[in-house]
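For reference, the structure discussed in these notes is given below.
The values are calculated or read from the model by the stated rules, or taken from the named source; none is laboratory data. As the structure is a computational prediction, the values presented were derived from the model and not from experiment. As a convention, Cβ positions derive from the backbone with ideal geometry for all residues, glycine included, and neighbour counts pool all protein chains shown.
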Amino acid sequence: MKQKIELNLPANLSYSSLIRHIADEVFASVGFVKEWSNRLKLVVDELFMNAVKYGSTENTSVVKILFSYDDQEIEFRVEDDGTGVGKVSADQLRTIVENNKKNNAVTNTSGRGLALITNLWTDKLDIERGSNGGIVISFSKKLETTPPPPPTLVQAAVQQQADVTTPTSPEPKKPEVKRAEYMVKLHGEIDQHNIEVITQPVTEQVNALPENSKLILDFTDVVYINSTFIGHLASWYNEVAKKNSQISIKNANNQVKDVLDLVGLGRVITLVN
C-alpha cells in the first residue's frame, strides 16, 4: 500500500528548502541511495520553482504537493492554479520541455532545468491540465539501491579558448603567469528564494576583476545549488575568460559536483580542495 504526504503551501519560494528536506526523508525511507536522493531532490526543487514562478500568484495562490510512495517506487506531483504571469497551457509546456531537451545553453536555464534534469533522472514525466485551470506536473522513479553512473555530460555553453591549429614545430614554453587571486565565499542552500542575494557579490567581483587574475569561489559551506545558479556560473565563466583570467571552485561537495558535471561545467571550471 502506498504512503502519501500531501501539502498545500502558499506560492512562495521560501518553502523550497522545506520541500527538499521532506523529499530527502521520503527518498531515504523508500531506500534510495544518497546519490539518487540528491538527484531526485533537485528535480523536486525544479518542479516546485516552476509552479511558483510561472503558474502562480505569489503569496495568493496555493501550490499542491503530493508524495506517493512504497518500497518500490516514488511518485511526485505538483499543481499550480494557472494564475501566474508566465502561464502556459499543458500542451505548450510539453512543447517547451521537448524543445529544451535539445538546447544545451546553460546560460539560459528558464525551463531547461526542468527538461534536462527530469529527462536524465526520472522514469516518466507527465504534464496535464489541472482541474482548477493550472498545470499538474508529476514524475515517477523506480527504486535505485546502487549509486548511479557518472552524470551524462552535455555541451556546456561556455567559451573555451582552445587553439584548434597544430603547430609545425614545438613552441618555447612560456613562463607561468603570476595571477592575483580574489576569493568570494558562498553559503548554504542556493535556490530560487535566495539566489539574487547570493549571486550579486559574485557578479560584482567578476565585473571588477582585473585582467590576468584568478577568481576562487569557496563552496566549503555550500550545501545545494539549483539550475538557475548554473546559468549564473556559466555567465561568470564567460566574463572571466574575456579578461584572460581564470575561475575555480574550492571545496565543492559531491552533490554540487554532480550538478556541475551534468551540464559540462566540471570539465572547464577547475575544482580544487
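Conditions tested, residue by residue: (1) out of contact with any strand residue (DSSP E or B) (no Cβ under 7 Å at 6 or more places or on another chain); (2) at pLDDT 65 or above; (3) surrounded by 15 or more Cβ atoms within 10 Å (Cβ to Cβ).
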| site | (1), (2), (3) |
| --- | --- |
| 115 | yes, no, yes |
| 123 | no, yes, no |
| 141 | no, yes, yes |
| 145 | yes, yes, no |
| 150 | yes, yes, no |
| 161 | yes, no, no |
| 166 | yes, no, no |
| 172 | yes, no, no |
| 176 | yes, no, no |
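Filtering the stretch 188-197 to residues that are within 20 Å of residue 50 (Cβ to Cβ) and either of a type in the set (A, V, I, L, M, F, W, C) or in a loop (DSSP other than H, G, I, E, B) (or both) leaves 190, 191, 192, 193, 194, 195.
Candidates 270, 228: the one that is surrounded by fewer than 15 Cβ atoms within 10 Å (Cβ to Cβ), touching a residue at least 12 places away in the same chain (Cβ under 8 Å) and within 24 Å of residue 117 (Cα to Cα) is 270.
Looking across the stretch 46-80, the residues that are charged (D, E, K, R) and touching a residue at least 60 places away in the same chain (Cβ under 8 Å) come down to 46, 53, 70, 71, 73, 75, 77, 80. Looking only at residues of the stretch 5-26 that are of a type in the set (S, T, N, Q) and surrounded by 15 or more Cβ atoms within 10 Å (Cβ to Cβ), we find that the one that is farthest from the chain's Cα centre (by Cα) is 12. Could you tell me whether residue 191 is crowded, with 21+ Cβ neighbours inside 10 Å and not hydrophobic (A, V, I, L, M, F, W, C)? The answer is yes for residue 191. Screening residue 28 against (1) within 18 Å of residue 122 (Cα to Cα); (2) touching a residue at least 60 places away in the same chain (Cβ under 8 Å) leaves a single unmet condition, (2).
Can you tell me which residue within the stretch 242-256, out of those that are buried (at least 16 other Cβ atoms within 10 Å of the Cβ) and assigned to a helix (DSSP H, G or I), is modelled with the lowest pLDDT? Of everything passing the filter in the stretch 242-256, 255 is modelled with the lowest pLDDT. Determine whether residue 29 is more than 20 Å from the chain's Cα centre (by Cα) and assigned to a helix (DSSP H, G or I). Yes. Filtering the stretch 174-187 to residues that are out of contact with any Leu (no Cβ under 9 Å at 6 or more places or on another chain) and either under 28 Å from residue 54 (Cβ atoms) or among the aromatic types (Phe, Trp, Tyr) (or both) leaves only 187.
Considering the stretch 207-235, the residues that are part of a helix (DSSP H, G or I) and modelled with pLDDT of 95 or more include one that is farthest from residue 181 (Cα to Cα), namely 207. Residues in the stretch 50-83 that are surrounded by 23 or more Cβ atoms within 10 Å (Cβ to Cβ) and not in a strand (DSSP E or B): 50, 51, 52, 55, 56, 80. The one condition from (1) touching an Asp or Glu at 6+ places or on another chain (Cβ under 8 Å); (2) free of Cβ contacts under 8 Å to residues at least 40 places away in the same chain that residue 210 does not meet is (1).
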